[in-house]
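Engineer: Could you have a look at this structure, given as structure tokens, before my questions?
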Amino acid sequence: MRLDELLRHGDAVVVGVVETIGATVIVVGALWAALRIVVEGLRHRSAAVFTPIRLSLGRFLTLGLEFQLAADILRTAVSPTFAQLGQLAAIATIRTALNVVLRREIAQEKRQVDAGDGPRRDPRPAPGGSGGTPG
């Protein structure tokens with residue numbers, strides 16, 4: 001086997017592994033979010049409980065997309081053609097745009113959670129008090 005064939009075969013294996021990791025991250029995140037929606041939806045029946053779940057799902061999607069982009073970059077790393085470079089540029093642009101939108105949405109949701117749910121989520125009593133009314 002020639003060196004260039006060996007590099008292409010090795011690159012294909014690495015690309016496959018990285019793509020599989022990315023897909024696994026996305027699938028695990030989707031399953032986790034679906035399970036949490038069912039559990040929290042039955043327990044609380046409030047739309048507010050879904051925001052943290054959406055934040056976590058967004059993080060899984062972002063991480064999975066990063067792995068997919070890494071696989072695309074690796075695919076073109078060994079003797080790329082002009083067509084492959086063009087495809088990589090298009091794919092990278094689309095995936096980067098998706099990541100930007102996801103990150104912006106995650107940040108916005110996080111601000112809403114911090115602003116609206118912060119004090120109610122902490123079950124501990126206020127500092128310096130026993131948790132009862134002053135008096």
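The values are calculated or read from the model by the stated rules, or taken from the named source; none is laboratory data. It should be emphasised that the depicted structure is a prediction, and the values quoted were computed from it without experimental measurement. Don't worry about glycine lacking a Cβ; one is built from the backbone with ideal geometry, like all the others, and counts go over all protein chains shown. To get the accessible areas, we keep the full protein, side chains included, count just its heavy atoms, and leave off ligands, DNA and RNA. Shrake-Rupley method; radii C 1.70, N 1.55, O 1.52, S 1.80 Å.
Engineer: Is there a residue in the range 9-16 that is farther than 26 Å from Ala89 by Cβ, in contact (Cβ under 8 Å) with a residue 12 or more places away in the chain and surrounded by 13 or more Cβ atoms within 10 Å (Cβ to Cβ)?
Structural biologist: Looking through the range 9-16, none of the residues is farther than 26 Å from Ala89 by Cβ, in contact (Cβ under 8 Å) with a residue 12 or more places away in the chain and surrounded by 13 or more Cβ atoms within 10 Å (Cβ to Cβ).
Engineer: May I ask you to list the residues in the range 40-64 that are more than 17 Å from Glu109 (Cα to Cα) and either among the basic types (Lys, Arg) or modelled with pLDDT of 90 or more (or both)?
Structural biologist: If the condition is that a residue be more than 17 Å from Glu109 (Cα to Cα) and either among the basic types (Lys, Arg) or modelled with pLDDT of 90 or more (or both), then Arg43, Arg45, Leu63, Gly64 are the ones that fit.
Engineer: Output the residues belonging to the range 80-106 that are more than 14 Å from Leu57 (Cα to Cα) and either not hydrophobic (A, V, I, L, M, F, W, C) or not in a helix (DSSP H, G or I) (or both).
Structural biologist: The answer is Pro80, Thr81, Gln84, Gly86, Gln87, Thr93, Arg95, Thr96.
Engineer: I need every pair where a residue in the range 96-110 that is among the charged types (D, E, K, R) has its Cβ under 9 Å from the Cβ of a residue that is open to solvent by 50 Å² or more (accessible area, probe 1.4 Å) and part of a helix (DSSP H, G or I), sequence separation at least 6 or different chains.
Structural biologist: That search, which allows pairs on different chains as well, returns Glu105/Arg54; Glu109/Arg54.
Engineer: Quick one: which residue in Ile37, Ile53, Ile26 is within 13 Å of the chain's Cα centre (by Cα), among the aliphatic types (A, V, I, L, M) and either under 19 Å from Thr96 (Cα atoms) or open to solvent by 50 Å² or more (accessible area, probe 1.4 Å) (or both)?
Structural biologist: Criteria check complete, one pass: Ile26.
Engineer: If you don't mind, there's one more thing I want to ask. Looking at the structure I just gave you, is Glu66 more than 24 Å from Leu98 (Cα to Cα), in a helix (DSSP H, G or I) and charged (D, E, K, R)?
Structural biologist: No, not satisfied.
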